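Trainee: Below you'll find the structure I mean.
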Number of protein chains: 2
Amino acid sequence: MQILTGEARQYYIKKYPIDDFFSFDIYPYLEVCQFDKGEWIFQEGSYPDTMYYMIEGKTKLYMTHKNGKVSLIEYLEAPRFMGEIELLNEARYTKGIQTVTTTICLSIATQACKEKLLADALFLRRLCVFLGEKATTMTSKYTQNQAYPLENRLAAFIQLSSDQGIYKEKHTEICEYLGVSYRHLLYVLAQFCEEKILEKQKHGYHIIDERRLNQLAQEIQ
Amino acid sequence: MQILTGEARQYYIKKYPIDDFFSFDIYPYLEVCQFDKGEWIFQEGSYPDTMYYMIEGKTKLYMTHKNGKVSLIEYLEAPRFMGEIELLNEARYTKGIQTVTTTICLSIATQACKEKLLADALFLRRLCVFLGEKATTMTSKYTQNQAYPLENRLAAFIQLSSDQGIYKEKHTEICEYLGVSYRHLLYVLAQFCEEKILEKQKHGYHIIDERRLNQLAQEIQ
DNA sequence: TTTAAAATATGAGATATCTCACATTATTGT
DNA sequence: ACAATAATGTGAGATATCTCATATTTTAAA
């Protein structure tokens, strides 16, 4: 991680103004941070003392289970907060966050302005909306996973992540995201090819039956 | 649902004071409501305009999937908010909430004091903590479900819900809560009996190998 | 008290998903 | 350019979980 200063700092601060999130002047408490691709922003199990507002990039939220399984819980995309729960609950154990691309964040020195933040209705209201959405999202992911087999969830994910009719995510990552084994993911992809929904190409899978894919995805909602 | 007045109202308002949640006088906006056992507080799919603070009782949060499966997402226990997300997001479709026992709630007329609530840092801070916990809980439920078979999750649930060494929840409900079929729940319970962890009695299952049960439950965390 | 509805129980056969072992490509660091 | 590492791909056999059918018992409503 490197802290940007001078022109670079000014560039990002101007490009992504966030003063309307707060009813006090937040700039004295800000730093602009740049994380390299693949870098860890939060180490799993640590107790962070910084809150970030991600303005450019994409990251992954991870957790490791006692049995060694790893869950890729969510992809986090700019703009959004990270480490906000730790602001509310002292010393809360955090999950791991790793960048997918080079990522630019505004870091907010919470030790210095925690009091101000927790007394600021404007900020708190926005945080409530954000946390409410997070809770709702996790709830629906939770219930969908219970109610539908991979066939449907994968169809929905392919729709979401494909670009110009091509799906080319890394299997090793997606099986962690969808919570199934690598083997099983490949089985279902093979089955989609079998059923002529996808066609395997050199680099990625080509969607050839959009309608049927949509049908499978729609069953979820 | 009936609205309590007179003495009954006074009794509950005195017994569960919540003025320290707000920095303005909330009492003019409160009603004390009593719901019978089995009554629905929110109908699934409706757009509620009331927020509740449950002070006595226990309820269940439900949702129905397109494929007809029903998920019992969570048991909600007093004291806590219900319908708070709808305060933040206009016209949000709600999940269903049904009481398990007779339930007493303070209802807050949000149409009347929404502005005040959304400008009140004291209330918003508490709401943030609540929503943050909710998000964290759902996240860990989600990942646990992905990472562990029923054997472990059921062991943990039996520990949680048993009383004096006896487990006697309704199977029909618990299979929805744990997200498995009724049949499979019975299989795993039978397996626990087979392994002498539980013993089936007339009314409920008796825990006879606390240590082994704990071991299975602990694998989750 | 009788009857209908809900909850409990169990068998049998199907499917979804996992584990493990191993072979074959890509990718990446030096 | 080479070696090490990561990602891909496949088979075989196990396990977790589901669906459906059907019987019995318990609970609640008329």
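The values are calculated or read from the model by the stated rules, or taken from the named source; none is laboratory data. This structure is a prediction, so every number in the text was calculated from the model and none was measured. No Cβ is skipped: glycine too gets one built from the backbone with ideal geometry, and neighbour counts run over all protein chains shown.
Trainee: Consider B:T137 carefully, then state whether it is among the β-branched types (V, I, T), more than 10 Å from chain A (Cβ to nearest Cβ), surrounded by fewer than 18 Cβ atoms within 10 Å (Cβ to Cβ) and outside any loop (DSSP other than H, G, I, E, B).
Mentor: Values: among the β-branched types (V, I, T): yes; more than 10 Å from chain A (Cβ to nearest Cβ): no; surrounded by fewer than 18 Cβ atoms within 10 Å (Cβ to Cβ): yes; outside any loop (DSSP other than H, G, I, E, B): yes.
Criteria not met by B:T137.
Trainee: Then there's this: From A:L76, A:L88, which residue is closer than 17 Å to B:G132 by Cα, in the same structural domain as A:K134 (by TED's automatic domain parsing) and at pLDDT below 90?
Mentor: Matching residue, one of A:L76, A:L88: A:L88.
Trainee: Another question, if that's okay. Could you tell me which numbered condition A:R183 fails, if it satisfies all but one of (1) more than 23 Å from A:Y62 (Cα to Cα); (2) within 10 Å of DNA strand C (Cβ to nearest atom); (3) exposed (fewer than 13 other Cβ atoms within 10 Å of the Cβ)?
Mentor: The number of the failed condition is (1).
Trainee: Filtering region B:53-65 down to residues that are away from DNA strand C (no atom under 16 Å from the Cβ) and without any contact (Cβ under 8 Å) to a residue 40 or more places away in the chain, which residue is nearest to B:K14 (Cα to Cα)?
Mentor: Looking at the filtered set, the residue picked out is B:L61.
Trainee: To continue, here is another question. Looking at this structure, is A:K141 within 30 Å of B:K116 (Cα to Cα), within 18 Å of the chain's Cα centre (by Cα) and away from DNA strand D (no atom under 13 Å from the Cβ)?
Mentor: No, not satisfied.
Trainee: Another question about this same structure. Looking only at region B:156-180, count every residue that is within 16 Å of DNA strand D (Cβ to nearest atom) and either surrounded by 12 or more Cβ atoms within 10 Å (Cβ to Cβ) or outside any loop (DSSP other than H, G, I, E, B) (or both) and tell me the total.
Mentor: Adding up the residues that qualify gives 17.
Trainee: Looking at region B:110-118, is at least one residue assigned to a helix (DSSP H, G or I) and closer than 29 Å to B:E210 by Cβ?
Mentor: Checking region B:110-118: not a single residue is assigned to a helix (DSSP H, G or I) and closer than 29 Å to B:E210 by Cβ.
Trainee: Would you check if B:Q2 is in contact with a strand residue (DSSP E or B) (Cβ under 6 Å, 6 or more places away or on another chain), without any contact (Cβ under 8 Å) to a residue 60 or more places away in the chain and over 22 Å from B:L127 (Cβ atoms)?
Mentor: It is true that B:Q2 is in contact with a strand residue (DSSP E or B) (Cβ under 6 Å, 6 or more places away or on another chain), without any contact (Cβ under 8 Å) to a residue 60 or more places away in the chain and over 22 Å from B:L127 (Cβ atoms).
Trainee: Considering each of A:K58, A:K69 in turn, give the residue that is at pLDDT below 95, farther than 20 Å from A:L106 by Cβ and among the charged types (D, E, K, R).
Mentor: Exactly one residue qualifies, and that residue is A:K69.
Trainee: In addition: State yes or no: is B:I197 more than 12 Å from DNA strand D (Cβ to nearest atom), closer than 22 Å to B:E74 by Cβ and not hydroxyl-bearing (S, T, Y)?
Mentor: It is false that B:I197 is more than 12 Å from DNA strand D (Cβ to nearest atom), closer than 22 Å to B:E74 by Cβ and not hydroxyl-bearing (S, T, Y).
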